[in-house]
1. Is at least one residue of the stretch 140-150 among the basic types (Lys, Arg) and at pLDDT 70 or above?
2. Report yes if some residue within the stretch 88-100 is surrounded by 10 or more Cβ atoms within 10 Å (Cβ to Cβ), among the hydroxyl-bearing types (Ser, Thr, Tyr) and at pLDDT 75 or above; otherwise report no.
3. State all residues of the stretch 26-54 that are modelled with pLDDT under 80 and not in a strand (DSSP E or B); if no residue qualifies, say none.
Amino acid sequence: LSVIQRVGGLDITRTRMTLQLADKSITRPSGMAEDVLVKVDKFMFPIDFVVMDIEEDDDVPLILGRPFMKTARMMIDIDDGVMKVRVQDEEVSFNLWEAMKHPHEKDMCFKLDATEEAILDVRKQAHRPSSLEQALTDAFEALDPEKEEEIEDFLKQLDAFKEIPQPEVEIEELKEDGKPVEVKLELKTLPSHLKYVFLGDDEQKPVIISNSLSEGEEESLIQVLKNNKEAIGWALSDLKGGCKKRSGKVT
């Protein structure tokens, strides 16, 4: 049928005949194409073809049966490998052995496209996934369509959330110049029998003494305190040996 359609211009007559094929199956032809001209070398023969709707054989698109061989008065000499076609007094000879060396040419083009495969190989070599990435890829490939839809819904929900801006934290760099910063103390009000005296400049390093001392006794006491002010701790940093914390206790 496909050969008749490519030739075109042929009328197919419906038929009720049935044919038994070589595999013992029964088939019904699509119809008959009558008086189709077939050229064999310089001879022309009107032939009736039975049209079959079956898969086309590229090597044998047409089958010429016994009626054609009788019409063409064919004679095949197997010993010499010659087939003769005769019309009246003229004949045409075909060398079968020579014909078998030149099989029927198929108007087909075969192409091997290796470019895409080569690109994939290069990409695999350039980007080798980590073990985690490979495991995730394999897991996604094994997902069924329902699981893929659930994951897509989750991803859409994540994209819908607005990003929470992180507050900017300003970090002030501490500069150590080796000099302790003097902090002005807030002095509490003392009873009338006590008073403050200062061992440092600018009213720094206050101590409390008795207000009933004479001027000479006060100066002598202040001098003794100045000579031993290392023993007085206005701050933890003033104590020799520093401060160590152990088990929540200060020693």
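1. Yes, the stretch 140-150 contains a residue that is among the basic types (Lys, Arg) and at pLDDT 70 or above.
2. Yes, some residue in the stretch 88-100 is surrounded by 10 or more Cβ atoms within 10 Å (Cβ to Cβ), among the hydroxyl-bearing types (Ser, Thr, Tyr) and at pLDDT 75 or above.
3. Answer for the stretch 26-54, where residues must be modelled with pLDDT under 80 and not in a strand (DSSP E or B): Asp41, Lys42, Met52, Asp53, Ile54.
For every residue, the table says whether it meets (1) outside any loop (DSSP other than H, G, I, E, B); (2) at pLDDT 70 or above.
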residue: Pro165; (1), (2): no, yes
residue: Val181; (1), (2): no, no
residue: Leu190; (1), (2): no, yes
residue: Val197; (1), (2): yes, yes
residue: Ser212; (1), (2): no, yes
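The values are calculated or read from the model by the stated rules, or taken from the named source; none is laboratory data. Just so we're clear, the structure is a prediction, and the values are computed from it rather than from any experiment. Positions of Cβ are generated from backbone atoms using ideal geometry, with glycine treated the same way; all protein chains shown enter the neighbour counts.
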